[in-house]
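For reference, the structure discussed in these notes is given below.
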Amino acid sequence: MRAVVDALAQMVRTFRRACPRLKRSERTTVHGADAMLMVLQLAMADVSKQLSGEFKVALSNVLLAWKHLLLHKLHLRPPGAPRLENYDLILEAYEGFLTSSNTVDLVDIHSAYKELRGDSEELVSPVQLFEFLSGNATDGPASSFPSTPSSSQQVIKAAVRRVFCSYLSLLVNTKNDLALALTLDVPSRSLGRRTFTDVKHAARSSSTSLFLALTSFVRAIQLGGKGYAPAETDPLRKHVKGLSSFVQFLDDLEEILGETPDPSVCGAKLVSAIRAALVKGCSGGDAVSAATEETATELKARICELNQEQKETSPGGGTGISPARPKAHTVNHATAYGGRDTVKLLMALLDEEALRPPCANKADLLSEDQPVLNGSQGTSVLALFRSPEVSTGSSPEPLKNRVQSRLDPLRPKVGPRTIRSQFACTYTDEEPPLNRVLDFHSTSQVPTCVHPAPKPRTVDAEAPSSGSRVLAPRSGNAPLTRDPDHTTKKRKRADEDLEKVRGEAKQTKTRTKRGAKKKLIAGQATLSSFFRV
């Protein structure tokens, strides 16, 4: 395996020298076997969401598509072999993710080297590369890279190493969305799936990378005036504190990169700054803290070795990038004055990390149950790219809530109760309801009409008898004609009955009072005779 790794390293160096001719940016990063598998998982989940509406994919399907993808890109698949279902969509999503992230995989490196050198010189055959990426390469001397067991300590160390390399990768290539996803909430900044989804929507609406959409929002908050500040309804305003902390940490790393001229010292400072952020708040004997310290020590030592190798190989460095200082008009073409030598050193380190053997246990890499680092949620990349479920109102509510919502409009609305004092007789009663006004208990209480209804028009007796029929009103409530004298007599009779009832009620009330005065209580007669004596 060591011979294959050395041959791949030479192919990567050749690609770096010819990178300006093949790619628009000199800072294109290389994805190793594990990163390729993670990108394939995201591509398959995206295709599944387009077809079935669910952003998820089974591990067995990912491994099957992984083998199919390698065979197809290396031109090893037999012509008559059956094609994987929706493979064209998966391949398109996979290549689109690499293009938008300004990254390439090892198969692309192999193809680019073959195009540059021709078919006469082939350092690694397609079969050897397939065996290496699949994790089945066992021929040759033992590799210096340790395998990845499935123990918890090794899983945590692998996750911590990915975080270190992702931070360094963002300093080289800010378009690397996978690196941003691995570092956004590590260490914990209270930025979860909701924040990542809002950043993803903002990047999609502006057709930019996740990092550019995030930093543009934070810069507008920090430097923009009233006319340039984001709207109050911007979803990212809910995560200003965490996003500002993330951007500030990257600004600190950029400051170290630009102010330290020695690449070896600068690389050591960058690793130390990342280590300090990861171990902050962790106990000394914690597994995450121990893995962080060990990884930082290894990376510092490897940076010093790479810097020494570059000095011995050539005065300008051995990464293949031109050591000449860039001109003014090339600053925007992925080059910078300060920290250029350190960037070349970091790119060499990241290229070497991409050549590490793949993870032996794919479930540890692709599972959603990832180790928790420094208080942050152990969310996998797949779960992070999956948008949180948003309630659309179509899902049924509990039966109790549905019945309650139906019964509420039918219940009578009870008005506010008025608190009255002991002098309640001084308050005026409210108007009685309509049913009490219209409820007459006797024929004498006939309501009088203040505004009588207009008289209907009578039918002319001398209507033409040409066979036409005159339609009379169909309502039986009012007659066709009304006698004014009859209405007046009826009204007078009603008034007389009402006066008669009132008189009788008055006489009854007076009689009751007199009876109450004459009636004596028990013992009143005895007391009266006693005092009379």
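The values are calculated or read from the model by the stated rules, or taken from the named source; none is laboratory data. Everything quoted here is computed from the prediction, not taken from an experiment. Reconstructed Cβ throughout: ideal geometry from the backbone, glycine too, with neighbour counts over all protein chains shown. Ligands, DNA and RNA are stripped out before the accessible areas are found, and what is left, the full protein with its side chains, is counted by its heavy atoms. Shrake-Rupley method; radii C 1.70, N 1.55, O 1.52, S 1.80 Å.
Scanning region 250-268 for residues that are closer than 21 Å to Glu298 by Cβ and either touching a residue at least 12 places away in the same chain (Cβ under 8 Å) or hydroxyl-bearing (Ser, Thr, Tyr) (or both) turns up Leu253, Ile256, Leu257, Thr260, Pro263, Ser264, Cys266, Gly267, Ala268.
Yes/no per residue for (1) open to solvent by less than 40 Å² (accessible area, probe 1.4 Å); (2) more than 29 Å from the chain's Cα centre (by Cα); (3) over 22 Å from Lys362 (Cβ atoms):
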{"position": "Ser48", "(1), (2), (3)": "yes, no, no"}
{"position": "Glu54", "(1), (2), (3)": "no, no, no"}
{"position": "Trp66", "(1), (2), (3)": "yes, no, no"}
{"position": "Arg77", "(1), (2), (3)": "no, yes, no"}
{"position": "Tyr87", "(1), (2), (3)": "yes, no, no"}
{"position": "Ser111", "(1), (2), (3)": "no, yes, yes"}
{"position": "Val127", "(1), (2), (3)": "no, yes, no"}
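Contact annotation: residue pairs with Cβ atoms under 8 Å, 6 or more positions apart or on different chains, pairing a residue in region 211-238 that is touching a residue at least 12 places away in the same chain (Cβ under 8 Å) and at negative phi with a partner that is surrounded by fewer than 17 Cβ atoms within 10 Å (Cβ to Cβ) and assigned to a loop (DSSP other than H, G, I, E, B), are Phe217/Asp234; Ile221/Ala229; Pro230/Gly224. Please verify whether region 255-268 includes one or more residues that are within 17 Å of Ala158 (Cβ to Cβ), open to solvent by 20 Å² or more (accessible area, probe 1.4 Å) and assigned to a helix (DSSP H, G or I). Checking region 255-268: not a single residue is within 17 Å of Ala158 (Cβ to Cβ), open to solvent by 20 Å² or more (accessible area, probe 1.4 Å) and assigned to a helix (DSSP H, G or I).
Tally the residues that are among the β-branched types (Val, Ile, Thr) and closer than 21 Å to Met1 by Cβ, restricting the search to region 97-130.
Just the residues of region 97-130 that are among the β-branched types (Val, Ile, Thr), to begin with: 99, 103-104, 107, 109, 124, 127.
Cutting the leftovers down to closer than 21 Å to Met1 by Cβ gives us 107, 109, 124, 127.
The number of residues fulfilling the criteria is 4.
Check whether at least one residue in region 113-122 is at pLDDT below 90, under 25 Å from Lys175 (Cα atoms), in a helix (DSSP H, G or I) and more than 28 Å from the chain's Cα centre (by Cα), and report yes or no. Break it down into steps so the answer makes sense when it comes.
First, pick out the residues of region 113-122 that are at pLDDT below 90: 113-122.
After this cut, where a residue has to be under 25 Å from Lys175 (Cα atoms) as well, the list is 113.
Cutting the leftovers down to in a helix (DSSP H, G or I) gives us 113.
Narrowing further to those that are more than 28 Å from the chain's Cα centre (by Cα): 113.
Yes, region 113-122 contains at least one residue that is at pLDDT below 90, under 25 Å from Lys175 (Cα atoms), in a helix (DSSP H, G or I) and more than 28 Å from the chain's Cα centre (by Cα).
Quick check on my filter: what residues within region 217-230 are under 25 Å from Ala181 (Cα atoms) and open to solvent by 60 Å² or more (accessible area, probe 1.4 Å)? Before you say what the answer is, go through the steps one by one.
Kept after step one, since they are under 25 Å from Ala181 (Cα atoms), are these residues of region 217-230: 217-222, 230.
Residues satisfying the conditions are Arg219, Gln222.
If we keep just the residues of region 216-249 that are polar (S, T, N, Q) and modelled with pLDDT under 90, which is nearest to Asp185 (Cα to Cα)? Once the filter is applied, the top-ranked residue is Gln222.
Which of the residues spanning region 177-196 are polar (S, T, N, Q) and open to solvent by less than 10 Å² (accessible area, probe 1.4 Å)?
Thr183, Thr195
Among residues of region 493-514 that are of a type outside the set (Gly, Ala, Ser), none has a beta-carbon under 6 Å from a residue that is modelled with pLDDT under 75 and open to solvent by 100 Å² or more (accessible area, probe 1.4 Å) at least six positions away or on a different chain.
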